[in-house]
Amino acid sequence: MTTSNTPIPSPQQVDANRPRAPLWATLVATFFGVGRLKPGPGTWASLATVVVWAAVSHFLPSSWVVPANIAMAALAVGVGIPAATRVARASGVKDPQFVVIDETAGQLITLIGAQLGWKSFLAGFILFRAFDIVKPPPVRQLERLPEGTGIVLDDVAAGLYGLAVMQLLLHFNLLGQ
């Protein structure tokens with residue numbers, strides 16, 4: 001119990017006094033605004049990532065597809081961690097739902113080496129979303145890491161689970177492509 005005469009600020013006052021995240025961080029963390037879509041911003045971000053990857057990969061020479069996918073995933077992680085950190089700090093929320101660069105990174109990881117076709121894209125989307133929602137060990141434990149590291153790395157781990165299952169599906173030709 002406080003005995004001070006200092007009034008407790010309302011949430012609006014706290015938000016007004018909190019510094020804003022830089023524009024670059026907001027654009028990256030929300031995957032250029034996709035994170036503001038409702039309901040399920042993470043699902044929208046995963047879907048947008050699949051669509052962007054399908055478009056980008058269509059124009060690449062086949063020998064560049066896997067390296068480009070890895071580079072895009074690494075970029076999403078490398079820039080996503082500081083962006084997520086800044087946006088989370090500015091929002092005052094540990095893991096804001098509108099920060100979706102983590103879903104972008106995890107979705108890209110799941111699609112590494114996948115065939116470029118609708119069946120692989122759909123399977124990769126479903127696999128990543130399932131592992132991101134279920135969060136098998138150590139995915140859930142990675143959320144406990146500080147700030148943007150925890151926000152992003154749990155989805156990286158979910159993406160690695162998705163990648164492993166996707167590669168099994170492809171190895172046993174279960175997608176029929």
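The values are calculated or read from the model by the stated rules, or taken from the named source; none is laboratory data. Bear in mind that the values here come from a model prediction, so they are computed numbers and not experimental data. Neighbour counts run over all protein chains shown; Cβ positions are idealised from the backbone, glycine included.
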**Request:** May I ask you to list the residues in the range 165-177 that are part of a helix (DSSP H, G or I) and surrounded by 13 or more Cβ atoms within 10 Å (Cβ to Cβ)?
**Result:** Val165, Met166, Gln167, Leu169, Leu170
**Request:** Restricting attention to the range 64-93, report how many residues are without any contact (Cβ under 8 Å) to a residue 40 or more places away in the chain, within 24 Å of Gly162 (Cβ to Cβ) and over 14 Å from the mean Cα position of the chain (by Cα).
**Result:** 4
**Fill in**
Scanning the range 107-138 residue by residue, the ones that are within 13 Å of Ala164 (Cα to Cα) and touching a residue at least 60 places away in the same chain (Cβ under 8 Å) total 4
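Taking the range 112-143 as the search range and keeping residues that are of a type in the set (Lys, Arg) and under 16 Å from the mean Cα position of the chain (by Cα), which one is surrounded by the fewest Cβ atoms within 10 Å (Cβ to Cβ)?
Arg140
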**Request:** Examine the range 37-52 for a residue that is surrounded by fewer than 12 Cβ atoms within 10 Å (Cβ to Cβ), among the small types (Gly, Ala, Ser), part of a helix (DSSP H, G or I) and at pLDDT 95 or above, and state whether such a residue exists.
**Result:** no
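I'd like to check something: does the range 160-170 contain any residue that is among the small types (Gly, Ala, Ser) and out of contact with any helix residue (DSSP H, G or I) (no Cβ under 6 Å at 6 or more places or on another chain)?
Restricting attention to the range 160-170, the residues satisfying the condition of being among the small types (Gly, Ala, Ser) are 162, 164.
Right, trim to out of contact with any helix residue (DSSP H, G or I) (no Cβ under 6 Å at 6 or more places or on another chain) and you get 164.
Yes: the range 160-170 contains one or more residues that are among the small types (Gly, Ala, Ser) and out of contact with any helix residue (DSSP H, G or I) (no Cβ under 6 Å at 6 or more places or on another chain).
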**Request:** Kindly provide the set of residues from the range 58-104 that are of a type outside the set (Val, Ile, Thr) and buried (at least 20 other Cβ atoms within 10 Å of the Cβ), ordered by number.
**Result:** Asn69, Met72, Ala73, Ala76, Gly80, Ala83, Ala84, Arg86, Ala88, Phe98, Asp102, Glu103
**Fill in**
Taking the range 53-75 and keeping only residues that are in a helix (DSSP H, G or I), of a type in the set (Phe, Trp, Tyr) and farther than 19 Å from Ala123 by Cβ, one is left with Trp64
